[in-house]
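Trainee: Below is one structure. I have some questions about it.
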Amino acid sequence: MRQMVSFTLRQGGYEVIEAEHGQDALNKLQGIMVDLILTDLNMPVMDGITLIQNVRKIPAMKNKPILMLTTEGLASKKEQGKAAGATGWIVKPFDPDKLLQTLAKVLP
Amino acid sequence: MKIDLSQFRQTFIQESADHIASMETELLQLRTAPDDVELLNSIFRSAHSIKGGAGSFGMKNLAHFTHSLENLLDRMRSLEMVATDEVIDILLRSVDVLRNLLNADPNANPGADMPADAVELDGLIAALMAEKPAQPEAATKDAQQPVSWPQEYPQSLQDGREIKLYKVEFRPDRELFSSGTNPITLLRNLASLGTVSCCHLHEEELPALADLDPSQCYLSWTVELASVCAEEELREVFEFVEHLAETRIHCADDPEPTAESPAQSSTEAAVPAKLPGSDGQSALVERRKAPSVDRRQSSVVDRRQSNTRPAGSGESSSIRVAIDKVDRLIDLVGELVIAHVMTAQMVEAFEPSCLPKLREAVAAMERNTRELHERVMGIRMLPVGTLFQRYTRTVYDIAQSTGKQIGLETIGEETEIDKSMLELLGDPLTHLIRNSADHGIEAPAARLAAGKPEEGQITLKAFHRSGRIVVEISDDGAGIDPERVRRKAIERGLISAEVQMSDEQLIALIFEPGFSTQEQISDLSGRGVGMDVVKRNVQQLNGTITVESEKGHGMTVTIELPLTLAVMEGLLVGVGDRTLVLPLLSVIESVPLRNSQIVRVAERGEVVVIREESIPLLRLSRFLGLAQETTDSENSAEGNNRRRLAVIVEVGRRKVGLVVDELLGQQQVVVKSLERNLHRIDGLMGATILGDGCVAPIVDVTGIGALDLFSLQTPVKNFPQVVPPAQSVRAASSN
C-alpha cells in the first residue's frame, strides 16, 4: 500500500519520505520540514491518530496539512482524526487520481 | 493524470499471501489466548491491508469479503465479541476463502460472482454479527453494508448542467488553523470551480493588533461565483472543514439558502439513500454526507473502467531477496570483472614472467566464482519455518474432525533450504503429517488406556547433517504394527506368506505402491496412494526417506535431502576407464584396499574391516555394470596385486565402502539431470560435464545406501548408454 502511495506521489512530482509506522514517522520528522503528512490510521507500534496528535505538538508542524487515509467511512474514526488535528481524509480504496486531487486541495 | 498501478499487483499478491499466512498462525494462537488484544489487532491489520489493496486493484470479491471479515475482527478486537472456537473456526475457513479469492484468475471478469464458499462464509459472518449485537443498530448496519455496497454505483453520474450563480458564505471558527487548513487554499479551490465575480472579506471581528492572537482565524468571506458545477461540488471544497466552519451556499436560482449546520446531525443514517443529482428537486435537502458517498461511487466507476486492461505483470513465480544479499552479489561481480580485465591484459602481452601473476588472477577468479555460487544459492534459500507454519493448521483441522487432541511442535524452523525444494517438499510433508495425525495418534481414550498423555504430540524437526538437510516427522502414537503390515502385504500380494522378513523390512513395505493398513479409509489421509507417492517425491529431490517405528510408542519418518540440486563439490574417481563423481560431502576417507583384505560373508556380500569396524563394500564397477571387473577373476594373482581404493562414504548413519580404481581429483560439478534426457536410474543422481568435455555420471550415494546392500550383487540394468563403451552394458547384463 505504502509503495503505491509513494509511487503515485512521486509520479505526481512530490518528494516522498516513507515511514513504517507512526513512531517511525515521528523519528523521521526530526530536523526536517515537510509540507504535508499523509498517514494511514491502522498501523503497528503507533497508530495514525496518535501520530497526528504528536505531530501537532511539534511547533513547526502546527499548521501543516495532515491527511489520513481511511477505509472506515465510519464517522467515529473521522471524528477522532479531526479532533486530533487532521486536515482532511482520503477514503480508500486507494485511487491514485483521487489522492493527487485531494493533495492539491489542501496544499497551498 | 492516469497512474498505472499494475506493476504493484504482484507485490500486493505476495504480501497478501504473507498476511494470510500470518493471520492463520495468529488465529491458531488465538485459541489459547482468546482475549489477546495485540494478537487481535495484528489479525485485524492483516485483513485491513488486504482489503485496501484489493480495492485498489479492482479485486472486488476479495475487497468485499475482507470487508465483512474486517467488521467481525473489529468487533473482536474491541472485545465486543469473544473469540470462541466457533468464531475461530469460521475465521479459519475465511482465511481459506481469502486465499482462494487472492489466487483467482486476475484476467477473469472482474464483475464475476463471488464463489459459493465465499458467499456461504459471508453469510456466516453476517449471522455472527447479527447474533450478538453489542450495539444493535451499528451491527445491522455493518452486516448489511457489504451487501448494499456493490449495488450503489450504477446510478452515479450527474447530468443536466447549466451555469448557476452561487453566493458562498464561509465563516471559519477561530480554531481553523489548528487543523492545518489554509483558508486561502480553500478559496482558491472554490475559485477554480467557476468565475468569481465578487469576493468580500469580513474583517469586523479582527481585534486590535495588541489583542491579536495569530494562531486564531478572525476573518470570514463571502464569494459570488458563476459555475456550471452542482452545489455538491462546491460543498466538497469545504468537506474537510465542516466541523470548523459554517458554510452557507445560496444558489441564485433557489429562493432559499441551503443551511449547513456544523457536525452533529442526527440524520446521518438516512442520508446515503438520497443521492445527489437524482434531480433538481433535492437541491434543498440536507446532504452533509452525500459528497463522500458520491466520491466513493465515482472512484469505483473509474476503477472498473481501468480494469478492462488485462493485468500486465504476469504470474511468473518470483522470489524476494534481502537487499544486502543482492549488494554482495554485485560486489562479487565487480571483482570478477576486475579479475577478468587483469587476465585479459596479461594474455594479450604474455611473457613467461607474467605467469605467477596470471596464476594469482585465476585464483582470484576461482575464489570469486565460488563465493558467487554460494551466494547465488543463498538467494534461493528459505527457512523451512515458512513451510512448517502451515501444518499447525493441518493438525488443527484433523484434531477438530477426529476429536483427538494433538499438539504440533516444530524445531529448527530457521534451517534454510532451497526454495524449489521447499515447494516440492510441501506435499510429501502434508501427507506424512496427516498420516501421523490421522492414523498414528490414537483417540484420547485409547491413549489414556495405554498410559500416555491425552494429548498426542507430533514433532516436526529440521536440521543439517553432513551437508544434507534432514526433516523428521515423529509422533508418539501407536506406531506401525509389523504384523499387520505383513498380513496386509500378503493380502495385497506384495509378499508371499512364507517369506521371513525382519520388522524393519516389513515396515519398509509401506512405501510399496498400493499399500494402506488403515482398514477404514478416511478422507483425511487418502486411500493408500500415499506413502509410495511420498517416496517418489522425495526421490525426485535426490533425497531418501526412512521409517523407524516402535509399536505402541510412535514412529519417526526421516527425510534426507541435499542442500541444493544444482552445483556440488565432487570427488572424481576412476573406475575402469571411466570417470565417476562422488559427492564430496558424503565421503569420509579413502583407504588402499587389497583383495586379501576383503572378507566374504556367505551368500551376502563383502565387507572390509577398517579399524575394527566392518564396512560393507560395494564394487562400483559391478554395481554400475562396467566390464572390467568380470575379466578380473577375483582369486587370480593379478586381482590380488592390483591396487584399488575403498572410498568410505557416509549414508545416513551407515558407512559403505565404494571400491574404485583411483582418485582423480576434486572439483565443483554442475549437476545435470539424467531424467530430463534419459530416465531415472537407480544409483545415479545425474551427470556432469568435466573440464575436458567428457560426461561423468554422478553416483547417488544416498540412493545406494538406501538399497539393501547385500542384495546388490546384480548390476543395474539401465546404465545409460550415452556413456561409452556401450558394450560393457551388455556384458554386464549377461553376467
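Trainee: If you take the accessible area of B alone, add that of A alone, and subtract the area of the pair, what total do you get in Å², probe 1.4 Å, to the nearest 100?
Mentor: 3500 Å²
Trainee: I've got another one for you. Given the Cα-Cα distance of B:GLU414 and B:HIS679 and 0.36 nm per residue of separation, how much length would full extension add, in nm?
Mentor: 91.9 nm
Trainee: Could you work out how far apart the two model spin labels at A:LYS57 and B:ILE163 are, taking each label as a point 7 Å from the Cα in the direction of the beta carbon, and quote it in nm?
Mentor: About 5.4 nm, to one decimal.
Trainee: Let me ask something additional. Cα centroids of the range B:375-429 and the range B:198-225: how far apart, whole angstrom?
Mentor: 67 Å
Trainee: For B:ARG375, what charge total do you get from the other residues with a beta carbon under 11 Å from its beta carbon, if Lys and Arg give +1 and Asp and Glu give -1?
Mentor: That sum, taken over residues with Cβ under 11 Å, equals -1.
Trainee: Order B:SER78, B:SER94, most accessible first, counting only protein heavy atoms with a 1.4 angstrom probe.
Mentor: Descending accessible area places them as B:SER78, B:SER94.
Trainee: How many Cβ atoms of partner chains, on average, are near each residue of B:180-188 if near means within 10 Å of its Cβ?
Mentor: Rounded to a whole number, the mean comes out at 5.
Trainee: May I ask you to rank B:SER436, B:SER178 by accessible area, largest first, using a 1.4 Å probe over the protein chains only?
Mentor: My answer, sorted largest first, is B:SER178, B:SER436.
Trainee: Here is a further query. Let me confirm one metric for peptide B:40-48, namely the mean number of other chain beta-carbon atoms within 10 Å of its residues' beta-carbons.
Mentor: Per residue, the number of nearby Cβ atoms from other chains is 2 on average.
Trainee: Which of the GluC sites (Glu not before Pro) found in the range B:367-476 are loop residues per DSSP with 15 or fewer other Cβ atoms within 10 Å of their Cβ?
Mentor: Loop-located and lightly packed - B:GLU413, B:GLU414, B:GLU454, B:GLU455.
Trainee: Okay, moving on. Cα gyration tensor of the range B:177-227, axes a ≥ b ≥ c as square roots of the eigenvalues: rounded (a/c below 1.5), prolate (a/b > b/c) or oblate?
Mentor: Here the range B:177-227 falls in the oblate category.
Trainee: Right, something else. Find the centroid of the Cα atoms in the range B:321-371 and in the range B:14-69, then give the distance between the two in whole Å.
Mentor: So the two Cα centres are separated by 49 Å.
Trainee: Want the number for B:LYS325 to B:THR195: 0.36 nm per residue separation, take away the alpha-carbon distance, what's left?
Mentor: 41.0 nm
Trainee: Subtract the Cα-Cα distance of B:GLU423 and B:VAL670 from 0.36 nm times their separation in residues, and report this length gain in nm to one decimal.
Mentor: My answer for the length gained is 86.7 nm.
Trainee: Something else now. May I ask you to rank B:MET501, B:MET81 by accessible area, largest first, using a 1.4 Å probe over the protein chains only?
Mentor: B:MET501, B:MET81
Trainee: Could I ask something else about it? I need the phi-derived Karplus couplings for the range B:411-424: 6.51 cos²θ - 1.76 cosθ + 1.60, θ = phi - 60°, integer Hz, Gly and Pro marked x.
Mentor: Using θ = phi - 60°, the values come out as 10, x, 4, 7, 4, 9, 8, 3, 4, 5, 5, 4, 5, 6 Hz.
Trainee: Would you please name the trypsin sites (Lys or Arg not before Pro) within the range B:1-63 that are DSSP coil residues with at most 16 other C-beta atoms within 10 Å of their C-beta?
Mentor: Those satisfying the criteria are B:LYS2, B:ARG31.
Trainee: Separate question: What residues of the range B:322-361 lie in the reach of a label at B:ARG375, counting those whose backbone N is under 15 Å from a point 7 Å from the Cα along Cα→Cβ?
Mentor: B:322-339
Trainee: Take the cross-link list A:LYS98/B:LYS164; A:LYS64/A:LYS105; B:LYS325/B:LYS672; A:LYS64/B:LYS51; B:LYS419/B:LYS461; A:LYS98/B:LYS51 and give me the ones stretching past 23 Å between alpha-carbons.
Mentor: Result: A:LYS98/B:LYS164; B:LYS325/B:LYS672; A:LYS64/B:LYS51 exceed 23 Å.
The values are calculated or read from the model by the stated rules, or taken from the named source; none is laboratory data. Just so we're clear, the structure is a prediction, and the values are computed from it rather than from any experiment. All Cβ positions, glycine included, derive from the backbone under ideal geometry; neighbour counts span all protein chains shown. The protein model used for the area step is the full one, side chains on, heavy atoms only, and it has no ligands, DNA or RNA in it. Shrake-Rupley method; radii C 1.70, N 1.55, O 1.52, S 1.80 Å.
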